[in-house]
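Asks: Sharing a structure, written as structure tokens. Questions coming.
The values are calculated or read from the model by the stated rules, or taken from the named source; none is laboratory data. As the structure is a prediction and not an experimental result, all values here were calculated from the model. Neighbour counts run over all protein chains shown; Cβ positions are idealised from the backbone, glycine included.
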Amino acid sequence: DIPSLKDVYEPYFPIGAAIEPHQTTGLVSELLKKHVNMIVAENAMKPSSLQPSEGNFRWENADRIVQFAKENGMELRFHTLVWHNQVPDWFFLDENGKPMIDETDPDKREANKRLLLQRLETHVRTVVERYKDDIKYWDVVNEVVEPNDPDGMRNSPWYQITGTDYIETAFRAAREAGGPDIKLYINDYGTDDVRKRDRIYELVKEMLDRGVPIDGVGHQTHISIHWPPVDSIIESMQKFAELGLDNIVTELDMSLYAWNDRSDFGDQIPDHILAKQAERYGELFKAFRENSDILSEVTFWGIADNHTWLSSFPVDSRTEAPLLFDKNYHAKPAFWSVIEAA
Ligand code: XIL
């Protein structure tokens, strides 16, 4: 019998996993019960899942995940109220079905902006009111900063139509609907990158100065066995902690390939690659543990290598093995080095 991740990390932070509704039963659910005490929906709580058409809220899949967490004494994080992906088109169409981003008339643009912010507010309030007693941690906005886009803000329909107002509206509506006890996060990938990190910092600081309720930063932490340096991940957390913010690791996984590598190990992942992954996971968790005063959750984007979004991104259907358990749910070398790092 192997040790339990969540028990070993009990003194430091909860250990989480992203799951799909079907993973609440069967063998994988046993693995989850043993090793994690935090759950997040991989897809079931995104806007496209919860409100596929206007006013038509679908709760069934999300509820299954909430139920599973409650039955097993796990905490939950909500992912995500706002994103530029997996958000239905209807949000961004005006009353005549015309894309709001195509509008050139200034009065119509202003009316569209009000309409979009109102739709957003309805979405946020409805969802937060439903789950506020079950879910304490909330990804309010996801991936809104992009250093290469205008003003360093991701040039999504949200931004093109409302500027940064959508971010402010989402946080304020979440706080108003959820009360003071829920924790509100801005979530992003590549937060170790200095340009990205500094732009998020600037945005959050400016919002906090205006009283926008932001409690912390979610670091997705989709990394590879090569990149980025562990120090850069920790330095980013330290910088946000100086603003009085909480840090959480929200989507941890570790690709076997460099970002620009399009090769495929196929059926045979070399042992030295798995050893390298183990070494790096160990280094990472040692740093997490040493910084647990500024880090309050570590969640993996999955639990075992048979189910990982990386198998279809950025190269479709290649072999990826980014997690601590292999596709047969056996502990990998990386599991053991994470245990040793505790
Ligand atoms: C991914 C899911 O894992 C996939 O199943 C889905 O097809 C696309 O989205 N960053 C995020 C997550 O914030 O929501 C993404 O999840 C992975 C990248």
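Asks: Mind listing whichever residues of segment 29-54 are more than 15 Å from the ligand (Cβ to nearest atom) and of a type in the set (A, V, I, L, M)?
Replies: Passing the criteria: Leu31, Leu32, Val36, Met38.
Asks: In the set Gly244, Gly282, which member is on the phi > 0 side of the Ramachandran plot, at pLDDT 95 or above and either surrounded by 14 or more Cβ atoms within 10 Å (Cβ to Cβ) or not in a helix (DSSP H, G or I) (or both)?
Replies: Gly244
Asks: Output the residue which, of all residues in segment 13-28 that are among the aliphatic types (A, V, I, L, M) and more than 16 Å from the ligand (Cβ to nearest atom), is nearest to Ala287 (Cα to Cα).
Replies: Looking at residues that are among the aliphatic types (A, V, I, L, M) and more than 16 Å from the ligand (Cβ to nearest atom), I get Ile15.
Asks: If you don't mind, there's one more thing I want to ask. In this structure, is Trp259 within 16 Å of the ligand (Cβ to nearest atom), under 20 Å from the mean Cα position of the chain (by Cα) and in a loop (DSSP other than H, G, I, E, B)?
Replies: Here the answer is yes, as Trp259 does meet what is asked.
Asks: What number goes with the only condition from (1) basic (Lys, Arg); (2) under 24 Å from Arg77 (Cβ atoms); (3) free of Cβ contacts under 8 Å to residues at least 40 places away in the same chain that Lys327 does not pass?
Replies: (2)
Asks: Condition first: away from the ligand (no atom under 16 Å from the Cβ), more than 25 Å from Leu76 (Cβ to Cβ) and either under 16 Å from the mean Cα position of the chain (by Cα) or not aromatic (Phe, Trp, Tyr) (or both). Can you find one or more residues in segment 289-311 that meet it?
Replies: yes
Asks: Right, something else. All but one of (1) surrounded by 13 or more Cβ atoms within 10 Å (Cβ to Cβ); (2) within 30 Å of Ala174 (Cα to Cα); (3) of a type outside the set (A, V, I, L, M, F, W, C); (4) free of Cβ contacts under 8 Å to residues at least 12 places away in the same chain hold for Asp209, so report the exception by its number.
Replies: Only one criterion is unmet by Asp209, namely (1).
Asks: Name the pairs: first residue in segment 283-305 and under 17 Å from His35 (Cβ atoms) and without any contact (Cβ under 8 Å) to a residue 60 or more places away in the chain, second residue in a loop (DSSP other than H, G, I, E, B) and within 16 Å of the ligand (Cβ to nearest atom), Cβ to Cβ under 8 Å, at least 6 apart or on different chains?
Replies: Asp305/Glu320; Asp305/Ala321; Asp305/Pro322; Asp305/Leu323
Asks: Turning to a different aspect of this structure: Condition first: of a type in the set (Gly, Ala, Ser) and either out of contact with any helix residue (DSSP H, G or I) (no Cβ under 9 Å at 6 or more places or on another chain) or surrounded by 16 or more Cβ atoms within 10 Å (Cβ to Cβ) (or both). Now tell me which residues in segment 285-323 satisfy that.
Replies: Those that are of a type in the set (Gly, Ala, Ser) and either out of contact with any helix residue (DSSP H, G or I) (no Cβ under 9 Å at 6 or more places or on another chain) or surrounded by 16 or more Cβ atoms within 10 Å (Cβ to Cβ) (or both): Ala287, Ser292, Ser296, Gly302, Ala304, Ser311, Ser312, Ala321.
Asks: Follow-up. Confirm whether Lys132 is surrounded by 14 or more Cβ atoms within 10 Å (Cβ to Cβ), away from the ligand (no atom under 16 Å from the Cβ) and not aromatic (Phe, Trp, Tyr).
Replies: Details: surrounded by 14 or more Cβ atoms within 10 Å (Cβ to Cβ): yes; away from the ligand (no atom under 16 Å from the Cβ): yes; not aromatic (Phe, Trp, Tyr): yes.
In short, yes.
Asks: Regarding segment 88-100, can at least one residue be identified that is closer than 30 Å to Pro14 by Cβ, outside any strand (DSSP E or B) and within 16 Å of the ligand (Cβ to nearest atom)?
Replies: The answer is no; no qualifying residue exists.
Asks: Kindly list the number of the only condition in (1) modelled with pLDDT under 95; (2) under 21 Å from Thr191 (Cβ atoms); (3) within 16 Å of the ligand (Cβ to nearest atom); (4) touching a Ser or Thr at 6+ places or on another chain (Cβ under 8 Å) that fails for Met254.
Replies: In the conditions (1) modelled with pLDDT under 95; (2) under 21 Å from Thr191 (Cβ atoms); (3) within 16 Å of the ligand (Cβ to nearest atom); (4) touching a Ser or Thr at 6+ places or on another chain (Cβ under 8 Å), Met254 misses (1) alone.
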